[in-house]
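The values are calculated or read from the model by the stated rules, or taken from the named source; none is laboratory data. Quick caveat, the model's predicted, so the values are computed rather than measured. Here the Cβ is made from the backbone with ideal geometry for all residues, glycine too, and neighbour counts use every protein chain on show. Remember, those area values only see protein heavy atoms, side chains included, never the ligands or the DNA or RNA. Shrake-Rupley method; radii C 1.70, N 1.55, O 1.52, S 1.80 Å.
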Amino acid sequence: MKLISWNVNGIRALANKGELAWLGDCGADFIGLQEVKARPEQLPKQVNDLGFKFLAQNPAKRAGYSGVLTLANFKSQVNNSMFNDDDEGRVIEHSFDNIRLFNIYFPNGQSGDERLAYKMDFYAKFLAYIKKLTKEGKSVIFCGDVNTAHKHIDLARPKQNKNVSGFLPIERAWMDELCKAGFIDTFRLKNGDIKDKYSWWSYRANARANNVGWRIDYFFISQDLSFKVKDAYILDSVIGSDHAPVVLEIDL
């Protein structure tokens, strides 16, 4: 099974630029899109033209903000209410067989202390939830824009960003806790300590051309699925967004 995660930073803008069509020919069974910034009636026609059998969406209440969208070729039960107050449209949970598969747009904490606190509360609630699922014997996969680079090798300029949200000690400590709880970063599982591989670049200072980036988009799995992972990689040549798609190939 091939799964793709991509923060599109506005699906309507992406469609207008002609950078959406490739998803219909990429051979994916599941595509999790984040930061869709559109309500269901605003989705561009190109989404249906991609040919996926099932669509699920969790839009934000605020217009033109956040939101997640899933395209899939297999049926699942869909739950958008992991958090009862998910007004920002950040989570879609898919249930099939014994698997819980999440498409998530995690909060960004860069706009101030209040948003950082919101982000850390979101992190804590989510980790508690997936730990509960694994204790119940469920297998967990989650993908999305986590909005934190975990290790120094996950961004081009760690020293310059040590006091910036997205690489703060408190955020990275949560990712340590996530890994200690048995959840595995599939990119590192398959690629080891490879450097200079990123999934997000600022639009400023020609950052993408110079590969001054951050790896903040992930596929994580519960430990029981580790032997089923075939490959994990970043499609860093795909343009249209400030993020690159990330891919997980896994036997399910």
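See the values below:
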quantity: Test: residue in the stretch 152-170 that is among the hydroxyl-bearing types (Ser, Thr, Tyr), part of a loop (DSSP other than H, G, I, E, B) and either under 18 Å from the mean Cα position of the chain (by Cα) or closer than 29 Å to Ala13 by Cα (or both); calculated: yes
quantity: Residue check, Lys45 among the basic types (Lys, Arg), within 16 Å of Asn103 (Cα to Cα) and open to solvent by 10 Å² or more (accessible area, probe 1.4 Å); calculated: no
quantity: Filtered residue count, the stretch 235-248, keeping only those that are of a type in the set (A, V, I, L, M), crowded, with 20+ Cβ neighbours inside 10 Å and outside any strand (DSSP E or B); calculated: 1
quantity: Every residue from the stretch 71-89 that is crowded, with 23+ Cβ neighbours inside 10 Å and at pLDDT 95 or above; calculated: Leu71
quantity: Residue within the stretch 162-171 that is open to solvent by 20 Å² or more (accessible area, probe 1.4 Å), in contact with a strand residue (DSSP E or B) (Cβ under 6 Å, 6 or more places away or on another chain), in contact (Cβ under 8 Å) with a residue 40 or more places away in the chain and within 25 Å of Leu127 (Cα to Cα) present; calculated: no
quantity: The stretch 186-198, residues that are open to solvent by less than 40 Å² (accessible area, probe 1.4 Å) and either out of contact with any helix residue (DSSP H, G or I) (no Cβ under 9 Å at 6 or more places or on another chain) or over 11 Å from Asp236 (Cα atoms) (or both); calculated: Thr186, Phe187, Gly192
quantity: Residue in the stretch 220-231 that is open to solvent by less than 40 Å² (accessible area, probe 1.4 Å), under 21 Å from Thr148 (Cβ atoms) and free of Cβ contacts under 8 Å to residues at least 60 places away in the same chain present; calculated: no
quantity: Residue within the stretch 22-30 that is buried (at least 21 other Cβ atoms within 10 Å of the Cβ), closer than 15 Å to Gly89 by Cβ and either among the aromatic types (Phe, Trp, Tyr) or at pLDDT 95 or above (or both) present; calculated: no
quantity: The stretch 116-136 residues that are closer than 17 Å to Phe167 by Cα and open to solvent by less than 30 Å² (accessible area, probe 1.4 Å), paired with ones that are part of a helix (DSSP H, G or I) and among the hydrophobic types (A, V, I, L, M, F, W, C) (beta carbon under 7 Å, 6 or more apart); calculated: Tyr123/Trp174
quantity: Only listed residue being in a strand (DSSP E or B), within 20 Å of Asn7 (Cβ to Cβ) and among the small types (Gly, Ala, Ser), chosen from Ala207, Ala232; calculated: Ala232
